[in-house]
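As structure tokens, the structure follows; a few thoughts come after it.
The values are calculated or read from the model by the stated rules, or taken from the named source; none is laboratory data. Only a predicted model underlies this, so the values are computations on that prediction, with no experimental measurement involved. For accessibility, only protein heavy atoms count, side chains too; no ligands or nucleic acids. Shrake-Rupley method; radii C 1.70, N 1.55, O 1.52, S 1.80 Å.
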Amino acid sequence: MELGLFWTEKALMVVGALFILTGIVQYGRRSHDWKGVVTMFYKRVPMSVAEYKRYRLGVALIIFAIVLRFALHIFWPQY
């Protein structure tokens, strides 16, 4: 079970990163504002609904992977 959760965490992290990158690339291609991609992390940029959904889903998956990592360390500590 521990090994399965370990790989699930890694998969969630990779899939989340891919969703974030997909949303960023879609925004860059649509708006041709590649400087906006850099400011996306600390400032609002006008994203379409599809870009925003992918970006937020990626963030949610990465946060869930981090919570899963904490749970792994709490319930199955390795000394």
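Taking all protein chains as present, what is the carbon and sulfur share of the accessible area of the range 7-69, in % to the nearest whole number, probe 1.4 Å?
Numbers: 3060 of 4350 Å².
Answer for the range 7-69 is 70 percent, counting heavy atoms of protein chains only.
The angle between the Cα long axis of helix 49-75 and the longest principal axis of the Cα atoms of the chain comes to about 20 degrees, rounded to the nearest 10. In straight-distance terms, cross-link reach from LYS10 covers every one of the aspartates and glutamates whose alpha-carbon lies under 16 Å from its own, apart from those fewer than eight places away in the same chain; here that gives GLU2. Per residue, the chain exposes 76 Å² of solvent-accessible protein surface, assessed with a 1.4 angstrom probe and all protein chains in place.
The aspartates and glutamates whose alpha-carbon is closer than 15 Å to the alpha-carbon of LYS43, local same-chain residues fewer than 8 away aside, are ASP33.
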